[in-house]
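The values are calculated or read from the model by the stated rules, or taken from the named source; none is laboratory data. Note that the structure is predicted; figures quoted are calculated from it, not measured. Here the Cβ is made from the backbone with ideal geometry for all residues, glycine too, and neighbour counts use every protein chain on show.
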Amino acid sequence: MTDLRLYDYAASANCYKVRLLLEQLERDYERVAIDIFDGDTLTDAYERLNPQRSTPVLELSDGRTLIESNAILWYLAAGTPLLPDDPFGQAEVCRWLIYEQSDVMPMIGGLRFRLVTGRFAPDSESAQRRRTGAHEVLRILERHLATRSFLAADRYSIADIAVYAYAHLAEEAGVDTSAYHRFHDWLERVREQPRFVDDLVPYPPNASLLAGRSIYG
Ligand SMILES: N[C@@H](CCC(=O)N[C@@H](CS)C(=O)NCC(=O)O)C(=O)O
């Protein structure tokens, strides 16, 4: 009997970060597969679950639901070593959760998604703009990690989980990361954490442009 249900798309790194945390916290949960390119998020039932029609969604045993991957991370990590309990440490984590959504996800995850599903040509202006943004993200991470092992509060936390979920995909987005040595050392430190998993799957064929039905068209 599990008390958590995760509405989840296996190829989404926003969902992967929640799966990684659940694994590291040794929490049981029921996984409900949502095919975002087969119209699963376009139904009235899904809109009631999440008016933003996105994955992941976490449902608690009392029926309450949480949307937004980083809000879900925060809820699950509260009271565990993966979220500091002092206000400054929490604010540092919050800073990286915001930056992950505003910059890391669009510049690296968004670029990779659009390249591998045929929405961007590799040398298009749109791809080039995001690639420049991805290098800016990597430069900021590289600089930050010059004096730290982890992103926030001197320890492994949900800040690392959230940023890792998209940042580790930079090469798959066609971004050359070879100059970012501290970034690579940090990726390794994240992978060395107890119960680390990488169960992110490739985008299936129906994720390609015009092959499926989703909010992306
Ligand atoms: N800010 C949201 C973004 C969620 C999001 O964009 N999820 C994508 C998968 S990565 C999705 O489910 N899209 C729904 C669709 O395409 O129908 C979060 O962090 O949860």
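List the helices (runs of 4 or more DSSP H) inside the stretch 123-217, counting only whole elements, that have at least 3 residues being away from the ligand (no atom under 16 Å from the Cβ) and of a type in the set (D, E, K, R).
Where helices (runs of 4 or more DSSP H) fall fully within the stretch 123-217 and carry at least 3 residues being away from the ligand (no atom under 16 Å from the Cβ) and of a type in the set (D, E, K, R), they are 125-144, 181-191.
Can you name the number of the only condition in (1) assigned to a helix (DSSP H, G or I); (2) near the ligand (Cβ under 9 Å from one of its atoms); (3) surrounded by fewer than 21 Cβ atoms within 10 Å (Cβ to Cβ) that C15 fails?
For C15, the failing item is (3).
Conditions first: (1) in a loop (DSSP other than H, G, I, E, B); (2) more than 16 Å from the ligand (Cβ to nearest atom); (3) touching a strand residue (DSSP E or B) at 6+ places or on another chain (Cβ under 9 Å). E92 passes all but one, so which condition is the exception?
Unmet for E92, out of (1) in a loop (DSSP other than H, G, I, E, B); (2) more than 16 Å from the ligand (Cβ to nearest atom); (3) touching a strand residue (DSSP E or B) at 6+ places or on another chain (Cβ under 9 Å): (1).
Please count how many residues of the stretch 22-41 are surrounded by 23 or more Cβ atoms within 10 Å (Cβ to Cβ) and more than 12 Å from the ligand (Cβ to nearest atom).
Total meeting the criteria: 0.
Out of the residues in the stretch 56-86 that are within 16 Å of the ligand (Cβ to nearest atom) and assigned to a loop (DSSP other than H, G, I, E, B), state the one that is surrounded by the most Cβ atoms within 10 Å (Cβ to Cβ).
P56
I'm checking my understanding of the structure. Among residues of the stretch 44-55 that are more than 11 Å from the ligand (Cβ to nearest atom) and not acidic (D, E), which one is surrounded by the fewest Cβ atoms within 10 Å (Cβ to Cβ)?
Per the stated criteria, the residue is A45.
Starting from the stretch 37-57, keep only residues that are farther than 18 Å from L209 by Cα, then list their pairs with residues that are among the hydroxyl-bearing types (S, T, Y) and more than 10 Å from the ligand (Cβ to nearest atom) whose Cβ atoms are within a distance under 8 Å, requiring at least 6 positions of separation or different chains.
L49/T65; N50/T65; V57/T65
Can we say D103 is touching a residue at least 24 places away in the same chain (Cβ under 8 Å), crowded, with 22+ Cβ neighbours inside 10 Å and assigned by TED's automatic domain parsing to the domain that holds H184?
no
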